[in-house]
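Each reported figure results from applying straightforward, stated rules to the coordinates on display, with no laboratory input. Worth saying up front: this structure is predicted, and the values here are computed from it rather than measured. When we count neighbours, we look across all protein chains shown, and the Cβ atoms used for this are built from the backbone with ideal geometry, even at glycine.
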Amino acid sequence: MSAVPPVLPPTPPAPPVTQQPIPNYLAWSIISTVLATCLCCPLGLLGIVAIVFSSKVNSALAVGDLDAARRASATAKTWCWVTTALAIIGLVLNIVWFAVGGAQSYMQYVQQMQQMS
């Protein structure tokens, strides 16, 4: 007698692994850089770091390096928050400066300088 091994039903294929997209924060980094530079000071140019890391996310994804893409995304997000904070600080300082008459005193200073010429 020969024993016939039982026939097992085929195993269903594993569902495809769906991974969450890795955000690059490029739009946020550009907008926060422009606003921080306009509202605050040249410190807003720190947003360029966020722009660089945002572009690194796309580069890493293009070559399939998901770990590097995640690290670049996290770093870009951090620098976006830093730049956004600088923009908010600059906005608050501008509001305070105009509220206490900063623009008027500046215009008076300009007129005095023009009269001296």
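Look at the alpha carbon pairs under 8 Å that are at least 6 residues apart: their mean separation over the length of the chain gives a relative contact order of 26 percent. Using the Karplus relation 6.51 cos²θ - 1.76 cosθ + 1.60 with θ = phi - 60°, the per-residue 3J(HN,Hα) values for the range 74-87 come to 5, 5, 4, 4, 4, 5, 5, 5, 4, 5, 5, 4, 5, 5 Hz, with x marking Gly and Pro. Phi angles across the range 68-73 convert, under the Karplus curve 6.51 cos²θ - 1.76 cosθ + 1.60 with θ = phi - 60°, into 3J(HN,Hα) values of 5, 5, 5, 5, 5, 5 Hz, Gly and Pro given as x.
Helical content alone sets the calculated 222 nm signal of the chain at -23500 deg cm²/dmol, taking -39,500 (n - 2.57) per DSSP H segment of four or more residues and averaging over every residue. In order along the range 105-117, the phi-based Karplus estimate (6.51 cos²θ - 1.76 cosθ + 1.60, θ = phi - 60°) of 3J(HN,Hα) comes to 5, 5, 5, 5, 4, 5, 5, 5, 5, 5, 5, 6, 6 Hz; Gly and Pro are listed as x.
Counted by Cβ distance under 15 Å from R71, the other residues give a net charge of +1, where Lys and Arg count +1 and Asp and Glu count -1.
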